[in-house]
Structures are given as structure tokens and as C-alpha cells.
Amino acid sequence: LLLAYSSGIFPWPAEGYPLLWHAPAERAVVAPAAVRLGRTLRKHLKKQPFEIRLDSAFADVMRCCSVVPRPGQDGTWITPDMIEAYCELHHMGFAHSAEAWQDGQLVGGLYGVSLGRAFFGESMFSLADDASKIAFSTLCAQLQRWEFAFVDAQVMTPLLESLGATLV
């Protein structure tokens with residue numbers, strides 16, 4: 001996994017196939033300092049509706065990412081083997097999570113892999129309005145303080161585009 005990420009390749013398991021590796025010609029990338037927050041999201045963020053934590057529930061974030069339904073998607077690529085592999089990367093210090101907590105419950109978050117000054121975002125979930133977006137923006141603020149160059153979000157989505165992702 002670490003060799004793949006350092007080479008611009010990431011896993012994309014598909015049921016019924018051996019492990020597939022993906023290296024799209026264009027990548028969705030976000031500069032931590034250039035995250036765009038819409039007016040409504042900024043207002044919601046000012047209310048501090050969530051407690052944001054880093055790396056306090058990595059495996060739980062992965063499990064939630066694997067089961068929380070997404071519009072337009074059927075199923076998940078986050079298999080039990082992938083959870084095991086990324087949890088090992090987490091224990092090694094390479095995989096990290098950002099979590100949104102509300103009233104003691106995990107309600108949103110994301111996880112990814114950190115190599116050098118790059119963070120490779122893998123997946124996010126939300127059980128409360130804006131929870132994953134606020135976790136992402138908080139993570140990006142921390143990545144900016146740590147002088148990370150970019151977040152590789154891999155594949156462009158409308159959500160990522162709204163947060164300031166560009167294709168490179």
C-alpha cells in the first residue's frame with residue numbers, strides 16, 4: 001500500500017475480481033490553504049456543532065465509511081481485508097482519521113494515508129448535516145499548520161469540487 005501511494009496508485013477492490021489498482025490520469029487535489037467553505041457551511045462551523053478529533057476512532061471511521069449509504073453508489077469497496085490493512089497502516093503511523101462527534105456519538109469523519117507532505121483521502125461519511133465537511137475543513141486547517149502541500153482526493157465529486165478541489 002505504501003509503495004502504491006508513493007507511486008500515485010491506490011487500491012479499488014471490486015467484488016468478484018482480484019484486487020484492482022487505480023491510477024487515474026486526472027486527480028482531484030485540494031490545497032489545504034485553499035479549502036472553500038460556502039456561506040452556509042461557514043455559519044454552521046461557527047456554531048461549533050461537533051467536537052472534532054483526530055485519530056481517536058480510526059477503525060470506527062472506516063467501518064462507518066463502509067456501511068453508510070451514499071446516493072448513487074451501490075455497495076462499498078471497503079472490505080474487511082481493506083479495513084485490516086488500513087488499520088495496520090494506522091498503527092504504523094501512516095493512516096489517520098478526522099472525526100466529528102456530537103453528544104458522544106461519532107456522526108461523521110474521513111480517513112486517509114499520510115506520506116511526506118501529502119495526505120491521500122480515502123473515504124468519508126456523514127450521519128449529521130455537514131459533519132464530514134467540517135471534519136475535512138478542520139483536518140485541512142491542521143494539514144496547513146503542518147505545511148502539507150496537498151490532499152489527493154483521487155476522484156472528483158461534486159462535494160470535493162464545492163470544497164475547492166481541482167483536477168491535476
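The values are calculated or read from the model by the stated rules, or taken from the named source; none is laboratory data. These numbers come from a predicted model, not from an experiment. Backbone-built Cβ (ideal geometry, glycine too); neighbour counts: all protein chains shown. SASA here: full protein model, heavy atoms, side chains in, ligands and nucleic acids out. Shrake-Rupley method; radii C 1.70, N 1.55, O 1.52, S 1.80 Å.
Highest first, please rank the peptides 148-157, 3-12 by the mean number of other Cβ atoms sitting within 10 Å of their residues.
On the way: 148-157: 19.1, 3-12: 14.8.
Going from most to least packed, we get 148-157, 3-12.
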Counting only protein heavy atoms and leaving out ligands, DNA and RNA, the solvent-accessible surface of ILE78 at a 1.4 Å probe, in Å² to the nearest 10, equals 10
Considering the dipole of the stretch 76-132 built from charges on the beta carbon (Lys and Arg +1, Asp and Glu -1) around the Cα centre, which of LEU106, PHE120, ALA131 is farthest to its positive end? PHE120
Where the Cα atoms of the stretch 1-44 are projected onto their three principal axes, how long is each span, largest first, in whole Å? 45, 24, 19
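Could you work out how much longer the chain between ALA14 and ASP55 gets when fully extended? Use 0.36 nm per residue separation minus the Cα distance between them, nm to one decimal. Walk me through the numbers on the way to the answer.
Numbers: separation 41, 0.36 × 41 = 14.76 nm, distance 2.73 nm.
Gain on extension, ALA14 to ASP55, equals 12.0 nm.
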Helix 58-67 sits off the longest principal axis of the Cα atoms of the chain, rounded to the nearest 10 on a 0 to 90 degree scale, by 80
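Assuming R0 = 35 Å, can you tell me the calculated FRET efficiency for the pair HIS91 and THR166, based on Cβ-Cβ distance, to the nearest 0.05? Spell out each step's value before the answer.
Values: r = 33 Å, r/R0 = 0.94.
The formula returns an efficiency of 0.60 here.
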